[in-house]
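**Q** The structure that follows is given in the form of structure tokens.
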Amino acid sequence: MLRILGGTARGVALKVPESARPSPVRLRKALFDFLRFRYPRRGRFLDLYAGSGAVGLEAASEGFETTLVEKDRQAIQFLRENASKARLKVRIEGMPVERYLLEAKRQGLRFTVAFMAPPYPHDLLQDFERLLEAQVVEPGGLYILQHPTELYLPTGERREYGYNCLTIIEAEAVQAQPQ
């Protein structure tokens, strides 16, 4: 059974939609151990392709202000149920990730961490490039892609967890434009 690992909702069981491939426990534990150390004051967390919400709800349980983006109707319903059961306040955006990123960029939304775990049949490099191009992470924040270990990205810090891997890229400081 899939459960939230830490924070205020620790131990709460999550419903998993048929379309989801939840992030493994070992990967989630390592990710949040790292984020707890790096961001003691937390911040804003974006979970793209949220699925069951295992990562995004974990972020909310750990104190991040969290936005979950998912287009699958069953997954959206389960996200609502899981958030309610865990007593976590999260924002759920029921739309395709591509559309959300365009709107977020247009609105100038910024997050401390943007986590993306697209379905593996996707073109993961294209998905991650789209995320980086949207520039939705604040300077010093992190872009994180979960992907199979067979995929090697040209940049970023790589961390392997069995058959899954995280590639982490820090957002560069925005340079002031001359006036």
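**Q** Of the residues GLU58, GLU18, which is under 25 Å from VAL136 (Cβ atoms) and touching a residue at least 12 places away in the same chain (Cβ under 8 Å)?
**A** GLU58
**Q** In addition: Can you go through TYR49, TYR39, TYR100 and tell me which one is at positive phi and of a type outside the set (A, V, I, L, M)?
**A** Numbers: TYR39 fails: at positive phi; TYR100 fails: at positive phi.
Among TYR49, TYR39, TYR100, only TYR49 is at positive phi and of a type outside the set (A, V, I, L, M).
**Q** I've got another one for you. Which numbered condition trips up ASP127, out of (1) out of contact with any Ser or Thr (no Cβ under 7 Å at 6 or more places or on another chain); (2) under 21 Å from ARG10 (Cα atoms); (3) among the acidic types (Asp, Glu)?
**A** Unmet condition: (2).
**Q** A further question follows. Filter the range 128-144 down to residues that are outside any strand (DSSP E or B), more than 13 Å from the chain's Cα centre (by Cα) and not polar (S, T, N, Q), then give me how many there are.
**A** So the first thing to find is which residues in the range 128-144 are outside any strand (DSSP E or B), and the list is 128-136.
Retained after the next criterion (residues that are more than 13 Å from the chain's Cα centre (by Cα)): 129-130, 132-135.
In the following step, the residues that additionally are not polar (S, T, N, Q) were identified as 129-130, 132-134.
Here the count works out to 5.
**Q** Okay, moving on. Does the range 164-179 contain any residue that is open to solvent by 40 Å² or more (accessible area, probe 1.4 Å), out of contact with any Leu (no Cβ under 8 Å at 6 or more places or on another chain) and within 20 Å of ALA60 (Cα to Cα)? Steps first, answer last, please.
**A** Within the range 164-179, the subset open to solvent by 40 Å² or more (accessible area, probe 1.4 Å) is 170, 172-179.
Now narrow it down to the ones that are out of contact with any Leu (no Cβ under 8 Å at 6 or more places or on another chain): 172-179.
Now restrict to residues that are within 20 Å of ALA60 (Cα to Cα): none.
Checked the range 164-179: no residue is open to solvent by 40 Å² or more (accessible area, probe 1.4 Å), out of contact with any Leu (no Cβ under 8 Å at 6 or more places or on another chain) and within 20 Å of ALA60 (Cα to Cα).
**Q** Also, I was wondering about something else. LEU142 fails exactly one of the following numbered conditions: (1) closer than 22 Å to LYS71 by Cα; (2) surrounded by 18 or more Cβ atoms within 10 Å (Cβ to Cβ). What is the number of that condition?
**A** The failed condition is (1).
**Q** Pairs needed: first member in the range 110-139, more than 19 Å from GLY43 (Cα to Cα); second member anywhere, surrounded by 20 or more Cβ atoms within 10 Å (Cβ to Cβ) and among the polar types (S, T, N, Q); C-beta distance under 7 Å; at least 6 residues apart or different chains.
**A** Matching pairs, first to second residue: ALA117/SER23; ALA117/GLN146.
The values are calculated or read from the model by the stated rules, or taken from the named source; none is laboratory data. These figures come from a predicted structure and were not determined experimentally. Here Cβ is always computed from backbone atoms with ideal geometry, including for glycine, and neighbour counts include all displayed protein chains. Remember, those area values only see protein heavy atoms, side chains included, never the ligands or the DNA or RNA. Shrake-Rupley method; radii C 1.70, N 1.55, O 1.52, S 1.80 Å.
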